[in-house]
1. How do the pairs read when you match residues in the range 432-451 that are loosely packed, with under 15 Cβ neighbours inside 10 Å with residues anywhere that are not in a strand (DSSP E or B) and not aromatic (Phe, Trp, Tyr), using Cβ under 7 Å and keeping only pairs 6 or more apart or on different chains?
2. Count, please, the residues in the range 173-207 that happen to be surrounded by 13 or more Cβ atoms within 10 Å (Cβ to Cβ) and modelled with pLDDT under 70.
3. Where residues in the range 211-264 are polar (S, T, N, Q) and touching a helix residue (DSSP H, G or I) at 6+ places or on another chain (Cβ under 8 Å), which of them is modelled with the lowest pLDDT?
4. Do you know which residues across the range 361-394 are surrounded by 20 or more Cβ atoms within 10 Å (Cβ to Cβ) and assigned to a loop (DSSP other than H, G, I, E, B)?
5. Quick check: is even one residue across the range 490-504 within 21 Å of GLN330 (Cβ to Cβ), at pLDDT 90 or above and charged (D, E, K, R)?
6. In the range 347-367, how many residues are over 14 Å from ASP520 (Cα atoms) and acidic (Asp, Glu)?
7. Can you tell me which residue among GLN423, GLN435 is assigned to a strand (DSSP E or B) and assigned by TED's automatic domain parsing to the domain that holds LEU509?
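The values are calculated or read from the model by the stated rules, or taken from the named source; none is laboratory data. Predicted model only: the values in this text are computed from it and were never measured. We place every Cβ from the backbone using ideal geometry, glycine too, and count neighbours over all the protein chains shown.
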Amino acid sequence: MAIDNGDPRNRDALMATLGRAGSVLANAGTQFLSHGLDITGRRSGSAAAEAAGAEQDRASSTTWIDRLLENYRQYLGEMAMVLPMVAQRISKDLEPATGERLLLRIDLDEEFRNAFAAVARIKSPFDKAASAKSLSTMTADASTSIGAAVRPMPITGLKDLIAQYEKLRTLPKLLDRFKYDFRRRGIAALSEMPDAFRDLGRLYTTSQAALEALPSLLGETVLRRIVDDRLYDSLELAYKSRNGAHLGWLREKLTGAGLVLSGRVSLLARGRGWLLLDHEKNWVFEVRLVSSAADTPKQWLEIYGQHEGHRYTVKLARTSRELLLPVRVQDASQGLAVWTIDKRIVQDYLDSRRLRLKAWDIGASKTPVALCIVDYREGDLGPYFELGLGCFATPFRDPLAVGMFLVGRLPVTSELACEAGKQIWGYDKVEDDLQIQYRDRSVTCTQRRGNQPMVTFTLPRRGDNKSAPVPLFTYTQKAGGLHRTVITRGGEGETVRSGGSGVELIVDLKARTRTPLCDDLLYFGLVDETGKLAQAPLFTAWTEKMTGVLEAPCVVVPREPDIDVPPESPKGRRRKAT
């Protein structure tokens, strides 16, 4: 596996890490095999040799086993260093577009089409009156020095200035060429090159202050993009124009993805889309109109860029809260039970929601599903309980990116956690009544409606193991697109138990207003028609103290045709686990 992220240093470091891990694993295997052969050879010898060998085994068994386990621990530690790089490559570099990645995908329904049509009717969001204004008027919010440097220059002068800036960028190439010619031809090269230098010097002398202020005014990255794509012929700037309201729709959508634009923004028409330039924050976004090839016409916008959203304003019932990603969890407890069920049941569920996901087949046409309990005690979202059911799936044509898709509505006990989960990541959360009760060797989570328990889930707890931080994937559907979130978690006081010893699951299926989780547990065959546990889980896991971080959601680039399956709710469906 070669994962380089475009940086030779990362590639070399990764290959060295993989090499060390492979060497350690090979050495551990060799030690195990040689020791086994040595013991076998002694056993086939004389009785005296066998007795002496047994005494030697008793004296050295602790030493060689500890050495073997230490080698395996070192191997696992090396691999834990590699996993975040693998996750970064899979989640961010699947299908880059001109060096950038898809940040946001917006379905154009009737409401959005009207806003889109309003923007499409004009070549730029600036009227003629604004275009005639001087540059200093339109950059009143810029610094005094920049305004003084470009005060006498109108819009047409700005385009000429950018053209001059482009010529000055050729200076390093001219110097390289001159050095080469001077080495080859000697002093005779001086007769040709000074003319070019004099021209560039004259350009700089006549517009020195404006040329020095230009990168600060437009943003260095934005200016570089304008020059590289030769966009200055169509450039119009009007940060305060009245038609700037046409940008409000795109601004709102980007804000919902954690990308808050500044007040100095330009929009340039380009083919079937636009370039959205934020001069103050120095951001460049490509806005592309994409049409579906299916019989039913469908359009959406795809926004590409290099900056993921990290500042989100979460709207609550009476106030709002600003969150900075990644979200941290300093202290939590987590438990889960994992079952395997018929892959077709999971795939039917995913298809009914038009998800671009494929049920993960672990063999024998089986897919794992998990029921999880989490007690968040300390973190950026505050304390709350969570109970969730998830199935494991992969995006189409990307079978290595296995992650969990959370099924149905995810009950939590905090308004902030509920709204942040929905608005930032796209988790379908609902604020609900959950109670968690700890015992010495078990933990029970109960979902209630009033005093009536709807779901009662009991797991064994306690453990002595530790786990290094490892990245995991979760998938959600947000704004019409499939999103992936990398969650890096580690823990202490962990244990994994095979089988279903100590697991209890009771669901009230006779209640008039039963919760969606009740129907989901019945649909996936984890409980039978009476609401009792239908089959033992494959294994259970518990972490007494978990820490982790939730990264920003990243759009999974769609590479498959739309799934044409009518939506259907699993409520009321009856499937028995096989």
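1. Once the first residue is loosely packed, with under 15 Cβ neighbours inside 10 Å and sits in the range 432-451, its partners that are not in a strand (DSSP E or B) and not aromatic (Phe, Trp, Tyr) give ARG441/ARG461; ARG441/ARG462.
2. So the count comes out to 7.
3. Ranking the candidates gives SER241 first.
4. The answer is LEU381, and nothing else.
5. yes
6. 2
7. Among GLN423, GLN435, only GLN435 is assigned to a strand (DSSP E or B) and assigned by TED's automatic domain parsing to the domain that holds LEU509.
Here's the yes/no breakdown for (1) over 15 Å from PHE457 (Cβ atoms); (2) buried (at least 21 other Cβ atoms within 10 Å of the Cβ); (3) not basic (Lys, Arg):
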position	(1), (2), (3)
GLU494	yes, no, yes
ARG497	yes, no, no
ASP508	no, no, yes
ASP519	yes, no, yes
ASP528	yes, no, yes
LEU538	yes, no, yes
